[in-house]
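Input: a single structure, listed below in structure tokens.
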Amino acid sequence: MKEHYVIALDLGGTKIRVALVSRDGKMLGSTRHLSSPVYGLSYVLRTMEMSIQNILDKTGVGLDNIKCISMAIAGINDVKKGIVTTAPNLPGWHNVHLSRIISEKYKLPAYLINDATAAAVGEHRMGAGRGYENLVYLTVSTGIGGGIVIGNLPYLGKDGAAGELGHMKVVANGPRCNCGKDGCLESLSSGSAMKRMAIDAIEKGRSTLIKSFCNDDINALTAETIAAAARKDDDLANEIISQAAYYLGIGISNLINIFNPDIIVIGGGLSKMGNVFLGPAKEVAKKTAFKLPASTVKIVKSKLGDNAGIMGAALYAFDIK
Ligand SMILES: [Zn+2]
């Protein structure tokens, strides 16, 4: 019998990644294209189709060797119907019947899953969470996303909207979040939150190395700029990182109390800051949460990194009967 693959696709606000993945988690080739969602839905769809063609050409695998197409989407998806309900980072994507569009094009089954939930599945099956039954995954980058695995299965919720961990409230009447509400974890601990804190302080006249790391263009500053300044022991950068880490710790302590998970896996660009960010967050989480679950939970960095979503999307789809 021929070996079968899933075409796994990870669609985010910045990139589209595609890979072929086998049932035992081997990745065959991968491609990466800019998603450029500002050009609209049909542009993104064309780029997705081009990426799929690209991976088939590159690997020499034919569609007769493909079991299905599984798409990890940065948005809220109706997983059962295969509809992207809403996707804040993909402007114009409302109630898009993506599974049907892709399935009709390729004459193959097509499935959707939230990208962070897919990453949770990936880490659970092949990454840092291998062998653990209950896992919570947090991705901390420009925004904060999450995915939940309970009893070895992804928890999707009634509408497929579960796991929006970045939007748990950690400060009543706190800063405005990208979702339109106030005081969410994302508004306090994400890359965009750190950027806002840096710009506010600079506009108030605070002197900082952060400015020189972005050539005095404050709009160009990122969490990475702030991390670079922190490595030079810049006071403002240190303050911002420690405040963001504090609230991340509060968020994690809530997850510990709610889920009593075996393991919490932290991925996303900001996790690459390592201990300067994650160390204090872990400390706050362990101090704030209930003693027993705080003493048993493991809090670790993602092992699969950027591949977690693609891997999880594929392995999730292999399990669909
Ligand atoms: Zn929010």
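Quick notes on this structure:
Every residue, every condition in (1) surrounded by 24 or more Cβ atoms within 10 Å (Cβ to Cβ); (2) in a helix (DSSP H, G or I); (3) within 16 Å of the chain's Cα centre (by Cα), yes or no:
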{"residue": "Leu112", "(1), (2), (3)": "yes, no, yes"}
{"residue": "Ala116", "(1), (2), (3)": "yes, yes, yes"}
{"residue": "Ala119", "(1), (2), (3)": "yes, yes, yes"}
{"residue": "Gly122", "(1), (2), (3)": "yes, yes, yes"}
{"residue": "Arg130", "(1), (2), (3)": "no, no, no"}
{"residue": "Glu133", "(1), (2), (3)": "no, no, no"}
{"residue": "Tyr137", "(1), (2), (3)": "yes, no, yes"}
{"residue": "Gly146", "(1), (2), (3)": "yes, no, yes"}
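- Flag if Ser30 is touching a residue at least 60 places away in the same chain (Cβ under 8 Å) and among the hydroxyl-bearing types (Ser, Thr, Tyr): yes
- Test: residue in segment 166-181 that is closer than 29 Å to Ala119 by Cβ and either hydroxyl-bearing (Ser, Thr, Tyr) or more than 16 Å from the ligand (Cβ to nearest atom) (or both): no
- Failed condition for Glu186, given (1) touching a helix residue (DSSP H, G or I) at 6+ places or on another chain (Cβ under 8 Å); (2) under 30 Å from Pro154 (Cβ atoms); (3) more than 14 Å from the ligand (Cβ to nearest atom): (3)
- Every residue from segment 257-288 that is open to solvent by 10 Å² or more (accessible area, probe 1.4 Å), more than 16 Å from the chain's Cα centre (by Cα) and in contact (Cβ under 8 Å) with a residue 60 or more places away in the chain: Phe259, Asn260, Asp262
- Evaluating Glu104 against the criteria (1) farther than 23 Å from Ile148 by Cα; (2) free of Cβ contacts under 8 Å to residues at least 60 places away in the same chain; (3) assigned to a strand (DSSP E or B) leaves one unmet condition, (3).
- For segment 234-241, the condition holds for at least one residue, the condition being that it is under 30 Å from Leu135 (Cβ atoms) and either open to solvent by less than 30 Å² (accessible area, probe 1.4 Å) or not acidic (Asp, Glu) (or both).
- All strands (runs of 3 or more DSSP E) inside segment 1-82 with 3 or more residues being over 17 Å from Met311 (Cα atoms) and open to solvent by 20 Å² or more (accessible area, probe 1.4 Å): none
- Test for Leu278: is it modelled with pLDDT of 95 or more and of a type in the set (A, V, I, L, M, F, W, C): yes
- Condition met for Val121 (closer than 18 Å to Leu315 by Cβ and of a type in the set (A, V, I, L, M)): yes
The values are calculated or read from the model by the stated rules, or taken from the named source; none is laboratory data. What you are looking at is a predicted structure, and each value in this text was computed from that prediction instead of being measured. We place every Cβ from the backbone using ideal geometry, glycine too, and count neighbours over all the protein chains shown. Side chains included, ligands, DNA and RNA excluded: accessible areas come from the protein's heavy atoms. Shrake-Rupley method; radii C 1.70, N 1.55, O 1.52, S 1.80 Å.
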